[in-house]
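These notes concern the structure reproduced below.
The values are calculated or read from the model by the stated rules, or taken from the named source; none is laboratory data. From a predicted model like this one, the values you see are computed outputs, not experimental measurements. Note that we place each Cβ from the backbone using ideal geometry, even for glycine, and neighbour counts take in every protein chain shown.
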Amino acid sequence: MRVLPAAADRDEDALVVRTDYLDEQVWQDVVAVLLKPWGDEQYEAHVCFVDDAAWAGASVDEVLAAVRGDDDPAVVFLADRTTMRAESHPLLAVTTLTREDCVDEEDYEQLIEFGREFRTAPAALHEVHANLSIGNLGFEEFAAGAHEDPERIYRSF
């Protein structure tokens, strides 16, 4: 089983797992965007990158299995093949919540109304992560925002 860095190393940072290693320049471009200050207040970016070729080709389920058991983040982001190939380099945002984490079946169904994952523009990653971390918005609200976009990418409210 693949292993992520210890939770102590990640703190409250957004977790980005790189699973595609075919284009180093594109990856560096994505990292540069993710490290820029964000929001109206120009908050400092806090990102934990898992950039280890051992994760090449890892599936969503493999990443989720590695995350579980830690202080699960509300969401994990994957820099996958689509991220590296698409012009806007959208990351895959995946909820870590399961049916067991929800109050009841209705709560879970609401959570995954648009699926357990959606694409987000790199510049919007911090907005997603911060709001989910403090419970200001739910995963389903960001997924709905992506669903409404013609390219199915969350860009910002």
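If we keep just the residues of region 131-142 that are within 14 Å of the chain's Cα centre (by Cα) and free of Cβ contacts under 8 Å to residues at least 40 places away in the same chain, which is farthest from residue 113 (Cα to Cα)?
This residue is 131.
Among the residues of region 90-139 satisfying the criterion of being touching a strand residue (DSSP E or B) at 6+ places or on another chain (Cβ under 8 Å) and among the acidic types (Asp, Glu), which is farthest from residue 80 (Cα to Cα)?
127
If a residue has to be buried (at least 16 other Cβ atoms within 10 Å of the Cβ) and among the aliphatic types (A, V, I, L, M) to count, how many in region 48-64 make the cut?
Matching residues across region 48-64 total 5.
Go through region 9-40 and report how many residues are part of a helix (DSSP H, G or I) and closer than 18 Å to residue 87 by Cβ.
11
Can you pull out the residues in region 73-96 that are of a type in the set (A, V, I, L, M, F, W, C) and under 13 Å from the mean Cα position of the chain (by Cα)?
Of everything in region 73-96, those that are of a type in the set (A, V, I, L, M, F, W, C) and under 13 Å from the mean Cα position of the chain (by Cα) turn out to be 74, 75, 76, 77, 78, 79, 91, 92, 93, 94.
Hey, among 17, 26, 63, which residue is more than 19 Å from residue 118 (Cα to Cα) and β-branched (Val, Ile, Thr)?
26
One residue is enough: does region 96-109 have a residue meeting the conditions crowded, with 18+ Cβ neighbours inside 10 Å and within 21 Å of residue 16 (Cβ to Cβ)?
yes
So residue 45 clears everything in (1) exposed (fewer than 12 other Cβ atoms within 10 Å of the Cβ); (2) hydrophobic (A, V, I, L, M, F, W, C); (3) modelled with pLDDT under 95 except one condition, right? Which one?
Here residue 45 meets the rest and fails (1).
Residues that are farther than 23 Å from residue 12 by Cα, of a type outside the set (S, T, N, Q) and touching a Phe, Trp or Tyr at 6+ places or on another chain (Cβ under 8 Å): which strands (runs of 3 or more DSSP E) entirely in region 54-157 hold 2 or more of them?
none
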